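The values are calculated or read from the model by the stated rules, or taken from the named source; none is laboratory data. Bear in mind that the values here come from a model prediction, so they are computed numbers and not experimental data. Backbone-built Cβ (ideal geometry, glycine too); neighbour counts: all protein chains shown. In case anyone asks, the SASA skips ligands and DNA or RNA and just uses the protein heavy atoms, side chains included. Shrake-Rupley method; radii C 1.70, N 1.55, O 1.52, S 1.80 Å.
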Amino acid sequence: MRYGDKGKHIRELQVALQRAGYELPTFGADGHLGDETWEALQDFALDHNFIWAPEIGDSLVSAMVSQMQESPEAADNLLRIPSYDLQEEPVPSTVSRKFRMRGGKVVRRAVSAVDGITIHQTGVQFGVNERQIEAAGGDERLALAKRVKKVAAHSVSFDGFYTKSYPLDFYIYHAGLLNRKTLGLEVDGLYSGLMDDPDTEVREDLASLWRGSPTELTEGRVKAAKAALRYLVDEGRKLGMPIKYIYAHRQSSATRRSDPGEEIWRKVVLEYGVPVLGLETRPAFTIGTGRPIPDEWDPDGQAPY
Ligand SMILES: [Zn+2]
């Protein structure tokens, strides 16, 4: 492999680099080994004690690609984002109405029916009290993870960690008519619909939840949301789900216009879900009372906010 090479193998390499945390902000995974990819490769080599040479040895490439692509766990370690797996814990009886139930049990969906992810903001920043932290053995993150077992989502991301809340074939009511065919990812926090207008939601759907200032979408929150998204995509596909699309809750609900909001859409979906995980957005798609992805969120937007 040389500087200037083009093709699918370069694209795979670029995807692996991005998964390993080596960003390609200008050109992304464009299938061309230009300056940006070259420098990222050099960084990877130096960080992993490979000798850097102008011709990139097959050993480096294969080590990297196999590590990143065949082992999501290894990629997880590289992002160093921990998760809390609560899938085996029972569904709290108080939230059973958030699931499709039959005979007292949550309905398991046919994996072939699930072809996408719906991304949300929780609209509230969850907190835990002393008693809840104590009940979690003093682990505040675990306490938060347990707390959001009542949130209707397959995964919830926080600052620096995320949950594996429910088995991915659980039929959860999280996004109206998108429930049947998508996995639900909730990003903890209250975020404005538009980045440059923090008051957007005071006038809009989250008005009842809006208390003072919004949550800051820190780097730790972005990384955890990316890691959670990757978990849903990788695990879902492993189960046989043909996961291809990513939707905003806005696309299925008139009252969720700001869900998940511009910043999450840009940083988690457009900068990661699409280029790295290979997901497709469907900006014009709506179902039920939903609205298209807006111009302000996305260069391919289909409507004003
Ligand atoms: Zn939502």
Exercise for the section: State yes or no: is SER213 without any contact (Cβ under 8 Å) to a residue 24 or more places away in the chain and within 27 Å of PHE126 (Cβ to Cβ)? Expected result: yes
Exercise for the section: For the range 234-245, name all the residues that are open to solvent by 60 Å² or more (accessible area, probe 1.4 Å) and either more than 16 Å from the chain's Cα centre (by Cα) or within 16 Å of the ligand (Cβ to nearest atom) (or both). Expected result: LYS238, LEU239, PRO242
Exercise for the section: Please determine, by comparing only the residues of the range 215-232 that are of a type in the set (Val, Ile, Thr) and touching a helix residue (DSSP H, G or I) at 6+ places or on another chain (Cβ under 8 Å), which one is nearest to SER258 (Cα to Cα). Expected result: THR215
Problem - Subset of the range 246-279 that is touching a helix residue (DSSP H, G or I) at 6+ places or on another chain (Cβ under 9 Å) and open to solvent by 50 Å² or more (accessible area, probe 1.4 Å) - its residue that is farthest from LEU232 (Cα to Cα) - result: ARG256
Problem - Given (1) closer than 23 Å to ARG230 by Cβ; (2) without any contact (Cβ under 8 Å) to a residue 60 or more places away in the chain; (3) within 16 Å of the ligand (Cβ to nearest atom), index of the condition LYS150 fails - result: (1)
Problem - Members of the range 143-181 found to be open to solvent by 40 Å² or more (accessible area, probe 1.4 Å) and aliphatic (A, V, I, L, M), listed by number - result: LEU177
Exercise for the section: Considering only residues that are within 16 Å of the ligand (Cβ to nearest atom) and not in a strand (DSSP E or B), look in the range 110-129 and name the one that is most open to solvent (accessible area, probe 1.4 Å). Expected result: GLN125
Practice task
Confirm whether VAL148 is of a type in the set (A, V, I, L, M), modelled with pLDDT under 95 and in a loop (DSSP other than H, G, I, E, B).
Solution key: no
Practice task
Determine, yes or no, whether LYS98 is over 22 Å from HIS249 (Cβ atoms) and not small (Gly, Ala, Ser).
Solution key: no
Exercise for the section: Answer yes or no as to whether TRP265 is at pLDDT 95 or above and within 14 Å of the ligand (Cβ to nearest atom). Expected result: yes
Problem - the range 126-142 residues that are aromatic (Phe, Trp, Tyr), paired with ones that are open to solvent by 40 Å² or more (accessible area, probe 1.4 Å) (beta carbon under 9 Å, 6 or more apart) - result: PHE126/ARG147
Problem - Where LYS146 falls short, out of the listed (1) closer than 30 Å to TRP297 by Cβ; (2) under 20 Å from the mean Cα position of the chain (by Cα) - result: (1)
Exercise for the section: Return the total of residues in the range 246-258 being within 13 Å of the ligand (Cβ to nearest atom), at pLDDT 95 or above and not hydroxyl-bearing (Ser, Thr, Tyr). Expected result: 4
Handout entry: Any chance GLY288 is touching a residue at least 24 places away in the same chain (Cβ under 8 Å) and either open to solvent by 30 Å² or more (accessible area, probe 1.4 Å) or more than 15 Å from the ligand (Cβ to nearest atom) (or both)
Key = yes
